[in-house]
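The values are calculated or read from the model by the stated rules, or taken from the named source; none is laboratory data. Please read all numbers here as calculations on a predicted model, not as lab measurements. Don't worry about glycine lacking a Cβ; one is built from the backbone with ideal geometry, like all the others, and counts go over all protein chains shown. Ligands, DNA and RNA are stripped out before the accessible areas are found, and what is left, the full protein with its side chains, is counted by its heavy atoms. Shrake-Rupley method; radii C 1.70, N 1.55, O 1.52, S 1.80 Å.
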Amino acid sequence: MTAEDHKNEGKIDRGRYAEERRVQEKMAAVEAEDSKTYFSRELLIWYDRSKRDLPWRRHRDPYFIWVSEIMLQQTRVDTVIPYFNRFIERFPTIRDLAEAPQEDVVKMWEGLGYYSRARNLQAAAQQIVELHGGQMPSEREHVFALKGVGPYTAGAILSIAFNRPEPAVDGNVLRVLSRYFLIEDDIAKPKTRIMMEKMIPELIPEGRASDFNQALMELGALICTPKSPHCLICPVMEHCRGRIEGRERDLPVKTKAKKPRPEQRLAVLLEGSGERAGRVLVRRRPNTGLLAGMWELPHVAAGGEDLGLDAAQLGELLEDRGLSWSPMSPYMTAEHTFSHIHWTMRVLIAREEPEALAQLAAESGVPYEAAVPEAAELDGAEGIANDGADEEWRWISREDMSAIAFPNLFLNILNKYFSGEGEQE
DNA sequence: AACTCGGGGTA
DNA sequence: TACCCAGAGTT
């Protein structure tokens, strides 16, 4: 063997080593890429075959997509469907929504929860009319700037309506990707969502952003469900690391929420007398905070110890309105759980005493009729009439309930009352 | 990062 | 019960 041969042999060895390493790297890349392309391919095949027929999937109208996405925030598909259909029927275009009285928009949202969504939706509709001629913009910057549109909804509108390869990472996507790629990061942390968002674009097959993002969520909703995922019928089970390693029930990792704090409240169902017979007194909540702008029975915080003490405070509330009343008696108790508060609402019932009211009004020099607003004001509601009011009171009849929005708690109480179920405790 | 903001379905 | 749902806005 010559010196030259030794030299060549060394070269060959180094070359062979480098070659083997390139092959290994390539195979690892192919394997990794395979797992991803497999996922995207099988997911789309499954979706094309088994996607649900949903109202907002019948057209690719950005307005429909947008409304559905806002309604679907923290809300199940089955719950949203009837609301969506009624909403689109009442407000067929963005301009119709922008020009509607706010009361009407909130009324259409009644029972759906998270009522600021309704307010923001209309505000955004007005943004779109003013800035974009009533057409949903298709640039990320403009979509994201709309009120009530965050990272998920922006991505959903851009991908589903405009087929842009943008991530739309919701709870479903976090769960599906956590399991498929065996990601143990806490999905409650924003950092995890951002990481998933970075993974999405390379998973989206060319030209299929709309279907892909919807397929991902559809899989989470139908197959890769939170408690017991249906791995045996999952279209991507073969390469799902979570399932392969038997960890699908441990994923995703998520810090658990605190339980709602208990609050005792005391409400009054005050029945009108004389000209206001058949009506009850309600008030409108402030435009910010819990149940913003919704109507309710008057109520106060209750200590829970002494009912008489709490009732006295409730009485003061009425006195401030220039009202007097017959003795209050227990009517019913209702429970209601929000995300962070649990209400126990005791409801008292009483009847207005017009004589005393007239006397009070005479003493204070306030005309009887002016002491309390009449329900007739309902007719003259011109949209912005109530927008700035921090608090408003009305006497309403059963019929008036179709015009103003109540949270479910009071809806149930009032429906029971007006349907004549005199449920005394 | 933690809290606020509804209501209901599901195991 | 406990958990979660096609999350966003505020602090």
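Observations on the structure shown:
- Members of segment A:254-267 found to be in a strand (DSSP E or B) and open to solvent by 60 Å² or more (accessible area, probe 1.4 Å), listed by number: A:261, A:262, A:264
- You will find that of A:49, A:22, the residue that is basic (Lys, Arg), outside the structural domain of residue A:95 (by TED's automatic domain parsing) and at pLDDT 95 or above is A:49 and no other.
- Checklist (1) more than 22 Å from residue A:186 (Cα to Cα); (2) open to solvent by 20 Å² or more (accessible area, probe 1.4 Å) applied to residue A:227, failing item: (1)
- Taken together, A:311, A:292 contain a single residue that is within 16 Å of DNA strand C (Cβ to nearest atom), farther than 16 Å from residue A:394 by Cβ, surrounded by 13 or more Cβ atoms within 10 Å (Cβ to Cβ) and at pLDDT below 95, which is A:292.
- Unmet criterion (only one of (1) more than 16 Å from DNA strand B (Cβ to nearest atom); (2) among the hydrophobic types (A, V, I, L, M, F, W, C); (3) surrounded by fewer than 19 Cβ atoms within 10 Å (Cβ to Cβ)) for residue A:123: (1)
- Residue A:401 satisfies every condition listed in (1) modelled with pLDDT under 55; (2) open to solvent by less than 40 Å² (accessible area, probe 1.4 Å); (3) not in a loop (DSSP other than H, G, I, E, B) except (1).
- Check on residue A:188, farther than 18 Å from residue A:52 by Cβ and either surrounded by fewer than 18 Cβ atoms within 10 Å (Cβ to Cβ) or away from DNA strand B (no atom under 15 Å from the Cβ) (or both): yes
- Where residue A:199 falls short, out of the listed (1) aliphatic (A, V, I, L, M); (2) away from DNA strand C (no atom under 12 Å from the Cβ); (3) buried (at least 22 other Cβ atoms within 10 Å of the Cβ): (3)
- Considering residues of segment A:149-182 that are touching an Asp or Glu at 6+ places or on another chain (Cβ under 6 Å) and not basic (Lys, Arg) only, the residue farthest from residue A:203 (Cα to Cα): A:153
- Selection status of residue A:239, in contact with a Phe, Trp or Tyr (Cβ under 6 Å, 6 or more places away or on another chain), open to solvent by 30 Å² or more (accessible area, probe 1.4 Å) and either at pLDDT 95 or above or of a type outside the set (Ser, Thr, Tyr) (or both): yes
- Pick from segment A:50-74, criterion basic (Lys, Arg) and more than 9 Å from DNA strand C (Cβ to nearest atom), ranking: least open to solvent (accessible area, probe 1.4 Å): A:60
- Condition met for residue A:279 (more than 16 Å from DNA strand B (Cβ to nearest atom), closer than 25 Å to residue A:178 by Cα and surrounded by 13 or more Cβ atoms within 10 Å (Cβ to Cβ)): no
- Number of the condition not met by residue A:251 [criteria: (1) in contact (Cβ under 8 Å) with a residue 24 or more places away in the chain; (2) open to solvent by 60 Å² or more (accessible area, probe 1.4 Å); (3) more than 24 Å from residue A:313 (Cβ to Cβ)]: (2)
- Of all residues in segment A:115-133, those being within 11 Å of DNA strand C (Cβ to nearest atom) and within 22 Å of residue A:402 (Cβ to Cβ) number 4.
- Failed condition for residue A:112, given (1) more than 13 Å from DNA strand C (Cβ to nearest atom); (2) not in a helix (DSSP H, G or I): (1)
This table checks each residue for (1) of a type in the set (Ser, Thr, Tyr); (2) part of a loop (DSSP other than H, G, I, E, B); (3) surrounded by 17 or more Cβ atoms within 10 Å (Cβ to Cβ); (4) within 19 Å of the chain's Cα centre (by Cα).
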| residue | (1), (2), (3), (4) |
| --- | --- |
| A:103 | no, no, yes, yes |
| A:130 | no, no, no, no |
| A:149 | no, yes, yes, yes |
| A:153 | yes, no, yes, yes |
| A:159 | yes, no, yes, no |
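- For residue A:321, the stated conditions do not hold, so it cannot be described as more than 16 Å from DNA strand B (Cβ to nearest atom), at pLDDT 95 or above and open to solvent by 40 Å² or more (accessible area, probe 1.4 Å).
- Boolean, residue A:423 is open to solvent by 30 Å² or more (accessible area, probe 1.4 Å), within 16 Å of DNA strand C (Cβ to nearest atom) and either modelled with pLDDT under 65 or in contact with a Phe, Trp or Tyr (Cβ under 9 Å, 6 or more places away or on another chain) (or both): no
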